[in-house]
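This report refers to the structure that appears directly beneath it.
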Amino acid sequence: MTEAATRCAPGTPCWVSLLAEDPAASQEFYHELFGWEYRPGPGPGGAGPHARAVLGGREVACIGQMPPGRQCQAAWLPYLAADDTDAAADLVRMCGGTVGVGPLDMDGTMRVAIAADPAGASFGIRQAGTRPAAHMDGGPGTVVWNELITRRTSAVEKFYRTVFGLETGPAEGTAPASGEGPEGDGEFGYLTVTAGDRVVGGINGMGASMPRDRGSHWLMYVEVEDTDAVARRVTELGGRVLTAPQDSPRGRLARLADREGAPFAVIRREG
């Protein structure tokens with residue numbers, strides 16, 4: 001498959017990965033929850049072996065080993081598409097963000113970097129090579145939405161617009177908003193994020209409602225057939241329910257955490 005065939009508009013979430021203290025246990029957790037199978041593969045820049053989660057023959061995510069001595073909270077990391085990872089990394093620094101890893105080549109199939117926005121939310125940058133993007137086209141067990149949880153939208157909106165060319169606007173019922181943040185516009189409330197001509201994610205400005213145990217972060221939503229059943233299964237597998245199942249304009253959703261505390265959300269979409 002050629003780069004042209006797999007290219008995503010800049011800023012589009014195109015990959016998602018997790019670094020875990022016990023990757024084998026995390027792989028088992030998500031296999032039991034979503035039916036993911038795994039293929040071994042290298043990590044970026046010699047970071048060690050990673051397992052590529054596969055569903056229906058297509059890659060949907062990646063789980064790897066947390067580097068020894070790294071002190072950070074477990075979290076799913078979305079990778080945003082870029083035409084030039086090095087140029088995007090330079091813009092991150094110019095706009096008040098930081099670049100913690102890279103840019104570097106990953107197994108000769110893509111060029112990546114790991115960065116953080118001015119509010120501290122980590123994300124990856126991915127320049128497509130010969131490896132296709134993760135399957136995010138919908139269906140149970142696939143990532144269908146990525147949402148930035150932050151205190152103030154104004155602190156990061158311009159950053160993502162400058163680095164990736166993303167546009168933002170009022171939600172207008174298009175996002176699976178959790179309803180946790182206060183109403184408002186500009187500082188708080190919910191904004192959708194558009195790459196090219198497609199809505200690809202959201203920014204949730206939560207203000208004082210920001211979770212105290214975690215700073216700004218990206219949250220992935222995985223489509224499921226039964227939100228309530230998945231929430232119950234999470235606790236059986238040793239995870240936690242952070243926000244109980246609730247209805248939203250786009251479907252029934254819940255915020256959860258895996259065994260190591262990495263947050264994620266699930267949604268049964270309507271229509």
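Below is a table of values for the structure above.
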item	result
Label-to-label distance, nm, for residues given as Arg214 and Cys72 (7 Å Cα→Cβ offset)	1.5 nm
Estimated FRET transfer efficiency (Arg58, Ser154; beta-carbon r; R0 45 Å; 0.05)	0.75
Cβ crowding within 10 Å averaged over residues, with 73-84, 160-171 ranked highest first	73-84, 160-171
Hz values of 3J(HN,Hα) by residue in the range 83-98 - Karplus curve (6.51, -1.76, 1.60), Gly and Pro given as x	6, 8, 4, 5, 5, 5, 5, 4, 5, 4, 5, 5, 9, x, x, 10
Nitroxide proxy distance, nm - points 7 Å out along Cα→Cβ at Arg161 and Val241	4.0 nm
Where the Cα pairs of the range 214-264 fall when distances are cut into 10 Å bins, in %	25, 58, 17, 0
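Values in this text are rule-based calculations from the coordinates and carry no lab data. This structure is a prediction, so every number in the text was calculated from the model and none was measured. All Cβ positions, glycine included, derive from the backbone under ideal geometry; neighbour counts span all protein chains shown.
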